[in-house]
1. Only residues in the stretch B:164-186 that are of a type in the set (S, T, Y) count as the first member; pair them with residues that are part of a helix (DSSP H, G or I), Cβ under 7 angstrom, at least 6 apart or cross-chain, and list the lot.
2. Given the conditions (1) at the interface with another protein chain (Cβ under 9 Å from one of its Cβ atoms); (2) under 17 Å from C:Y29 (Cα atoms); (3) not aromatic (F, W, Y), which single one is not true for C:V268?
3. Considering only helices (runs of 4 or more DSSP H) fully contained in the stretch B:26-109, which possess at least 3 residues that are out of contact with any His (no Cβ under 9 Å at 6 or more places or on another chain), closer than 17 Å to B:S234 by Cα and modelled with pLDDT of 90 or more?
4. Has the stretch C:140-148 got any residue that is surrounded by fewer than 24 Cβ atoms within 10 Å (Cβ to Cβ), of a type in the set (A, V, I, L, M, F, W, C) and out of contact with any helix residue (DSSP H, G or I) (no Cβ under 9 Å at 6 or more places or on another chain)?
5. Hey, among the residues in the stretch B:76-110 that are within 21 Å of the chain's Cα centre (by Cα) and small (G, A, S), which one's nearest to the other protein chains (Cβ to nearest Cβ)?
6. I'd like to check something: does the stretch C:115-124 contain any residue that is more than 9 Å from chain A (Cβ to nearest Cβ), in a loop (DSSP other than H, G, I, E, B) and more than 19 Å from C:P208 (Cβ to Cβ)?
7. In this structure, is B:L292 loosely packed, with under 14 Cβ neighbours inside 10 Å, closer than 16 Å to B:F245 by Cβ and at pLDDT 75 or above?
8. Restricting the search to the stretch C:115-125, which residues are over 25 Å from C:F37 (Cβ atoms) and aliphatic (A, V, I, L, M)?
Amino acid sequence: MLEIRGLVVMRDRARVLTEVDLDVGEASIVALLGRNGAGKSTLVQTVAGLLRPAAGSVFFRGQRIDRLPATARASLGIGVVLEGRQLFPELSVEDNLRLGAFGALAHSKGWAPLLGTMRAELKERLEYVYGLFPRLRELARRRAGLLSGGEQQMVALGRALVLRPSLLVVDELSLGLAPKVAYSLAEHLKLLAAQGVAVLLSEQNVGLALNLAQHVYVLNGGRVEFSGPPESLVATSDVVRSYLGVAGRGQS
Amino acid sequence: MARVHRALGLAFWLLVLACLVQVPAFLRPYQLDHGTLAAVYALAAIGLTLLTGYAGQLSLGQGAFVALGAYGYGLLSTKADLPVGAAIVLALLLTVVAAYVVGWPLLRLRGPYLAMGTLATAIIVYGLLVNLQPLTGGAIGLLRIPPLEIGGHEFRQADLFRAAWALVLVALLLTRNLVHSRLGLALRALGADEVGAEGVGVPASSYRLHVFALSAALAGMAGVLYALHWRYLSPDTFGAQLSVFLVLVVAVGGLRNVTGAVVGTIAVHLLTVWLQDLGTQSWLPARMPVVLSTTVYGGLIALVMKFMPDGLLPALGHYLGKLAHGLAGLLPRPAEGAATPSPPPRV
Amino acid sequence: MSVLLQALVSGLAIGAVFAAVGLGFVLIYRVTNVINFAQGALVVLGGMFTAKLAASLAAPVAATAALLASAFAGALVGWFSLVGWAGHELAVVMVTLGLAVASEGIFIWLWGDIPVTYPPVGSTALDFFGAKVLPQQLLVIGVIAAVFAVLHLFFRFSYLGKALTAAALNPTAARVCGIDTTVMGVMAFAVSSLLSGLAGLLLVPLVPFTPHVHVSLAINGFAAAVVGRLTDPLRAILGGLLLGELEAIVASYWDPNYQEVMALALLVALLLAQSARWSWRWRRHGTGA
């Protein structure tokens, strides 16, 4: 689904990512681990289209997308959950969700319908999200800025899912959330993968990530230091110890 | 190598000085007029470059301080009957004081707010000049302003031309020294990132105010020169248009390039004169001069700030440099041991 | 008493225009973080274009043409200012300033330097408790108020309106939703310009325009926007109305010549008052990827 080859990303003339290769397949969850500053967010933002690589390529379903702006990627079926939720605080939960489909609808239906008549289509998509997150149906009319962290993260996820993405990119799912809440949201990601969605998750919470993912990449200093299934990561104790700062086995 | 550069630099400046002394003999009166006007603008532009280019404070009110200097000298020498020398000094002093008084509240503003605030100030000054008729002569203007006299020698056209440009050169040298000094570094830090500058100990608010006053002083001096040359003042010369013109000049010459400001002034002034000549051709409608100059000014500002935000002249210099580099590559290589020409000294 | 009433009504009319311009500033600023110095020029466009066309066409036709022209011109200004941009915000401000100055020249070339106008609606003044009220003044107030209501509904309830708000609230998040912030920005320019053009064509029968009045209109509109802290539409509208009333009162009871000076002094005072509350930080105006 997603293929990254030889990615180099610069920020203010400093290399943040060097020669990164990464794959995310259908119906699977891939986790991106690494210390702060290792380049995880940069990688996610590049996939989202918020940053342009200096070199290398990003392929989505065989199509090269690294030159496409972020706004075009939504209509291709890439849903993005940004670090720190990044909702539209003054709008209601339902409005936040509905806006998630803007790009997809604008692309497929042209501009005219946007001036008011996409109700049926939007309703269908909203029902899908409410099905996944029943709590959001209750909160539909609330201002998004007034919700708790966990609820906001739900909205952010829901907003990305409204466009029925084939690739879901999540930056720091668990940031600022209570462990229970984070794990509950993680379960939803498992569900989505089972439905066929490809998930790329950048995570600080190593245990959560290892539990969830079928494949793990570890970034250090902008390079991929490890690529493989979670079990072999846990077994390779020196990688775990020095790059992730946790003791070898039994940490979850 | 450095010595060669310095020698060339010195030679360049001596050449400029020589021109200054000799040139007026070759120019006709109206050309001398335009030349002096260009010097007046250049002086004000140098001040604005310091304020807007280096210290990053966008001011759309530089024209107001030119007006203060001009009217200050005019009023002090006619209505107050002060001797010329005293009037000049006092006018400058008044301009600087006004800058501190107006700047102290205004400079709390940032960015576009400062731009609007200074623009408002410029228009207020213009409005006052027009409305305070008994004092300023209103729209009709201030007449019969005494010229400069030193030791019995009255400074006429050619003398004022030389004096004006000498002042420009002095201002240029002084500001270049300022910019390259530690103080200048603090100013540039201020312009780049004010919070950061404060963090390393630059007292931002007071520096901003001092630069504002310095810029106003230069503008005031320009105004005095204007009054000494033309000896007649009317508010229309000092409207918002003057402030916009000065901003254009700074944009064209390069925001952080004092010499560029001077060159930019000459360039834009020549352009203005050419446009005016063009506009008065008999086959064009009567209002063409205004149309041409306004549209070209505005268009230039928009284009330069969009495509060449570091200034038109630096960008041109950059491209010319590239062109020269490219051409040099095409030339056959000089024989071993032959001296390769050194680039012209950075002025 | 009737003098005061008359001043209040004319103040309300001019205040509605200031409010419209101020709202335009707020709209553009919210979506793009740009302060559009050319806002006043678009009011002039609406007014002078209609005035010139009304000599040969029926007024409503001329007005419609002027509105289309304003929206189009505004979109052009927006496009030029926003697209392909990676510069300092100081420079963007200057770009709109340059366009405003250039527009003055273009308008002088197109329509001349003499004040132009076209006949107002209704030929006789109405009597309102002893004050003379012109039907045109009522038209200005009424139409602009109606447009404000429509805009409010648009932003509150329509999908596109919410997308524009979203682009204003969180541009990054908007982009990943597929909301093109540049297109939204140009749209904001177009809507503001439409509003300004409308204000212009409504005002010009009362106050003939020359191409030079764009400065005064922009400054007054900006003052209204500053009351709204550049982001609050309702406060900006109130600010505009208040400013209009204050100027009318100064003109009636004091010296009309000082009307402009007073407005400017007020603007400066407002700017200073607001700056005490929050400070402006320069931002890189980048379009990113």
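1. What qualifies is B:T175/B:I46; B:T175/B:L50; B:T175/B:V258.
2. The single condition C:V268 does not satisfy is (2).
3. Per the criteria, B:62-78.
4. yes
5. Checking each candidate, the answer is B:G103.
6. For the stretch C:115-124, residues more than 9 Å from chain A (Cβ to nearest Cβ), in a loop (DSSP other than H, G, I, E, B) and more than 19 Å from C:P208 (Cβ to Cβ): present.
7. Working: loosely packed, with under 14 Cβ neighbours inside 10 Å: no; closer than 16 Å to B:F245 by Cβ: yes; at pLDDT 75 or above: yes.
Considered against the rule, which asks whether it is loosely packed, with under 14 Cβ neighbours inside 10 Å, closer than 16 Å to B:F245 by Cβ and at pLDDT 75 or above, B:L292 comes out as no.
8. Passing the criteria: C:V121, C:A125.
The values are calculated or read from the model by the stated rules, or taken from the named source; none is laboratory data. Keep in mind that this is a model prediction, so the values were computed, not measured. All Cβ positions, glycine included, derive from the backbone under ideal geometry; neighbour counts span all protein chains shown.
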